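The structure appears right after this line, and notes come after that.
The values are calculated or read from the model by the stated rules, or taken from the named source; none is laboratory data. Because the structure is a prediction, the values reported are computed rather than measured. Quick reminder, even Gly has a Cβ in these numbers, built from the backbone with ideal geometry, and neighbours come from all protein chains shown. Accessible surface is based on the protein model in full, side chains and every heavy atom, while ligands, DNA and RNA are left aside. Shrake-Rupley method; radii C 1.70, N 1.55, O 1.52, S 1.80 Å.
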Amino acid sequence: QVHLVESGGGLVQAGGSLRLSCAASGSFFSINTMGWYRQAPGKQRELVASVTSGVGTNYADSVKGRFTISRDMGKNTVSLQMNRLTPEDTAVYYCNAVCSVVAPHLRSQYWGQGAQVTVSS
């Protein structure tokens, strides 16, 4: 089993910055991908940014140039630095990890509990 614990988030004014962090713990062979998704009220959950071992980073078009994802593979952590926030960034942000738990070639997806990010205008 893999546990993802998020920290950060909160309330900020438009144009401000916030940082989200997520730490993975448990028993697993490896973590292939770590990333962040978000879900605003009445909308579907969407990918914000992810980082995949041996591949690199991926960002939603709406956050490119404003958000930066970083991963510490040694500590099994991932962070999301969010700058120039707008009210449209208001959502619950979920940490996500794709891990090999049962066997190295079998991957499963895990989710954190979610962190609220609210951007006031």
How many residues does segment 66-121 contain that are open to solvent by less than 50 Å² (accessible area, probe 1.4 Å), in contact with a helix residue (DSSP H, G or I) (Cβ under 6 Å, 6 or more places away or on another chain) and either assigned to a loop (DSSP other than H, G, I, E, B) or under 15 Å from F29 (Cα atoms) (or both)? 0
I'd like the residue in segment 31-40 that is farther than 14 Å from K75 by Cβ and of a type outside the set (S, T, N, Q) and, out of all such residues, is farthest from the chain's Cα centre (by Cα). A40
Condition check for Q44: closer than 22 Å to S27 by Cα, part of a loop (DSSP other than H, G, I, E, B), open to solvent by 60 Å² or more (accessible area, probe 1.4 Å) and modelled with pLDDT of 95 or more: no
Residues Q116, Q81: which one is closer than 20 Å to V51 by Cβ, out of contact with any Asp or Glu (no Cβ under 7 Å at 6 or more places or on another chain) and at pLDDT 95 or above? Q81
Taking segment 45-104 as the search range and keeping residues that are touching a residue at least 60 places away in the same chain (Cβ under 8 Å) and among the β-branched types (V, I, T), which one is farthest from G35 (Cα to Cα)? T86
Condition first: open to solvent by 80 Å² or more (accessible area, probe 1.4 Å) and out of contact with any strand residue (DSSP E or B) (no Cβ under 8 Å at 6 or more places or on another chain). Now tell me which residues in segment 56-65 satisfy that. D61, K64
Pick from segment 9-30 the residues that are surrounded by 14 or more Cβ atoms within 10 Å (Cβ to Cβ) and modelled with pLDDT under 95: which of them is nearest to the chain's Cα centre (by Cα)? G9
